[in-house]
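The values are calculated or read from the model by the stated rules, or taken from the named source; none is laboratory data. Small disclaimer: the values here were computed from a predicted structure and weren't measured. Please note: Cβ atoms are built from the backbone with ideal geometry, for glycine as well, and neighbour counts cover all protein chains shown. In case anyone asks, the SASA skips ligands and DNA or RNA and just uses the protein heavy atoms, side chains included. Shrake-Rupley method; radii C 1.70, N 1.55, O 1.52, S 1.80 Å.
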Amino acid sequence: MNILPDIVFNLAIDDAISPYKEILQMYWEKVTSFVNAHCDGLEPWQLVGLTFSSTLLTVWLHGFLFQSESLTSRTKKQFFRLLRKMPFVGAIIQKKIDEALNDVTSSLSFLKDEKDYIKVLPEQGMSQPEVLQKMKEYSSKGDVRWEDGKVSGTVYSGEEKLTHLLVKVYEEFAWSNPLHPDIFPGLRKMEAEVVRIACSLFHGGPSSCGAMTSGGTESILMACKAYRDLAYERGIKHPEMLVPVSAHAAFDKAAHYFGMKLIHIPLTKAMEVDVQAMRRTISKNTAMLVCSAPQFPHGIMDPIEEVAELAVKYKIPFHVDACLGGFLIVFMEKAGFPLKRLFDFRVKGVTSISADTHKYGYAPKGSSVVLYSDKKYRSYQYFVAPDWQGGIYASPSIAGSRAGGIIAACWATLMHMGESGYVEATKRIIKTARFLESELRKIDSIFIFGKPEVSVLSIGSDTFDIYRLSNLLAAKGWNLNILQFPPSIHLCITQLHTKSGVAEQFLKDVKDSIEDIMNNLNAKTTGMGAIYGMAQSIPDRSLVAEISLAYLDGLYSTDVPGSEKHMNGSPGHH
């Protein structure tokens, strides 16, 4: 064996790197000389003390710089916190907050005209007819009639025959609880079948699996929890999720609850997530990527296939949030409206999907599914407490006990609708959405964001404050979703909007409202529209959060409007 070529090669390498070695050695000698010169005369205890102090400083600095919340965000919060503590400035800010709180409270329609509340148990229980009469009184409250099709989203079916079926099903399973599968084995079977049907609809393979949850937020929370725990196992100490700015706020909630860092990815002009921006943001801490199908604000489908390529390349779990339109998009091809791009488990790299059965699945509120491409991901969702004195405690999702009646009603809805029923409903909804989009685009002073493919149309304007249009439509009985960043409103089309004359009435009311606006273009925006406009202009977002607490307090208020008491005993926000 001739080893001469190897020797020659090694000598050549040594000759090539020799100058660099000499340069490095020269700089090393300079550094050591500098350090030795400055340490000359120091006693050993001083050297130990300096080393210890510098180590502590380095650890503190690392902890300060690298947190789940960015340094910029924390700096802004601290600045505004100090600003509010300044005597003169703080008083002005607090006065404005109090005014905003009063505006919010006075605009809460569900608090108006309430004369009294039941605050203690009746001494003697009511008879069934009395309870039912009281229930009718409560169910008739409010000015908005969702049955007329003037509400965005909210109620996705409302079909009378389906309602009667669900009432009967709930009656049969009212006392059941999936926490006890040995006592309610039929309910366990129903839940397993709902999950398997959903896996099939989203083209999951033999290893696909999932779980039922109480809604889209819990489905998203479960996926985030699973990927956080998986990241921990992979050695990622500070897991990050890369989420489009248009993705549901449940991802923000998950980051807050689970101690993850959420990094918002900007959108393109088409209102899709910017794939290149997402690629640049991927790091060693990235625990999951997120896309929407479609996203809630503008109804746009994110480029799932492109993001999936990143997921495969960097070996990162990828969640597709289809909570809003999941049970539409799986039927759109058979309904004659094929989507431009794939969105489900047929796309290599998609590892989980969330979809709400209580939206376009037409099941009662309180049911959703989170699906995984493989069982290895779902196992990280589970929680097990093996050492509890009450026995080994294991649960698949956040709740322990769950309402079996909701699961049974979801299963019954799927069985009753069948594929043909879903295809027909999808056909009517998408046809109505396309008609409305086409007609709305003909109106000069408004525009539609992006190119929505499913059931949400988001309306904006460069001519007038779009919130004025929202206010005028509300006066005509419409209840639309108010959006921000950028200012817009949207209509989420449901089966109720496919009824004869509803879409035409919406267009007429939009045109009439815009005509009123154009006749008085400089009029001020009032009501909830003004509150949203103000909220977007406030740089200190903690103030917006504080004002929002008044709304949440209002949900639990048992005080008669006009009284000076705080809502439900709340001490107020000061």
Subset of the stretch 149-166, residues surrounded by 13 or more Cβ atoms within 10 Å (Cβ to Cβ) and not polar (S, T, N, Q), comes to GLY149, LYS150, VAL151, GLY153, VAL155, TYR156, GLY158, GLU159, LEU162, LEU165, LEU166
Restricting to the stretch 269-289, count the residues that are among the charged types (D, E, K, R) and either in contact (Cβ under 8 Å) with a residue 40 or more places away in the chain or part of a loop (DSSP other than H, G, I, E, B) (or both). 4
Somewhere in the stretch 500-522, is a residue under 22 Å from SER246 (Cβ atoms), buried (at least 17 other Cβ atoms within 10 Å of the Cβ) and not polar (S, T, N, Q)? no
Flag if ALA433 is modelled with pLDDT of 95 or more, under 26 Å from ASN481 (Cα atoms), crowded, with 17+ Cβ neighbours inside 10 Å and more than 25 Å from the chain's Cα centre (by Cα): no
Residue in the stretch 543-551 that is in contact (Cβ under 8 Å) with a residue 24 or more places away in the chain and at positive phi present: no
Kindly indicate the residue of the stretch 304-320 that is open to solvent by 10 Å² or more (accessible area, probe 1.4 Å) and of a type outside the set (Lys, Arg) and also nearest to GLU419 (Cα to Cα) among those meeting that condition. GLU305
Go through (1) outside any helix (DSSP H, G or I); (2) touching a Cys at 6+ places or on another chain (Cβ under 8 Å) one by one and return the number of the condition PHE251 breaks. (1)
Give the stretch 209-225 a look and list any residue that's surrounded by fewer than 24 Cβ atoms within 10 Å (Cβ to Cβ) and over 16 Å from the mean Cα position of the chain (by Cα), or say none. CYS209, ALA211
Could you tell me whether the stretch 467-486 includes any residue that is in contact (Cβ under 8 Å) with a residue 60 or more places away in the chain, in contact with a His (Cβ under 7 Å, 6 or more places away or on another chain) and not in a loop (DSSP other than H, G, I, E, B)? yes
Can you tell which of VAL144, VAL169, VAL195, VAL131 is open to solvent by 30 Å² or more (accessible area, probe 1.4 Å), assigned to a helix (DSSP H, G or I) and among the β-branched types (Val, Ile, Thr)? VAL131
Given the criteria under 30 Å from ALA475 (Cβ atoms), hydrophobic (A, V, I, L, M, F, W, C) and modelled with pLDDT of 75 or more, does PHE110 qualify? yes
Those residues that are part of a helix (DSSP H, G or I) and in contact (Cβ under 8 Å) with a residue 12 or more places away in the chain, I need them from the stretch 301-313; list them, please. ILE304, GLU305, GLU306, VAL307, ALA308, GLU309, LEU310, ALA311, VAL312
For ASP103, state whether it is touching a residue at least 60 places away in the same chain (Cβ under 8 Å) and of a type in the set (Asp, Glu). yes
Scan the stretch 29-66 for residues that are aromatic (Phe, Trp, Tyr) and over 53 Å from the mean Cα position of the chain (by Cα) and jot them down. PHE34, TRP45
Among the residues of the stretch 226-248, write down those that are in a helix (DSSP H, G or I), open to solvent by less than 10 Å² (accessible area, probe 1.4 Å) and either under 11 Å from VAL290 (Cβ atoms) or in contact (Cβ under 8 Å) with a residue 60 or more places away in the chain (or both). ALA226, TYR227
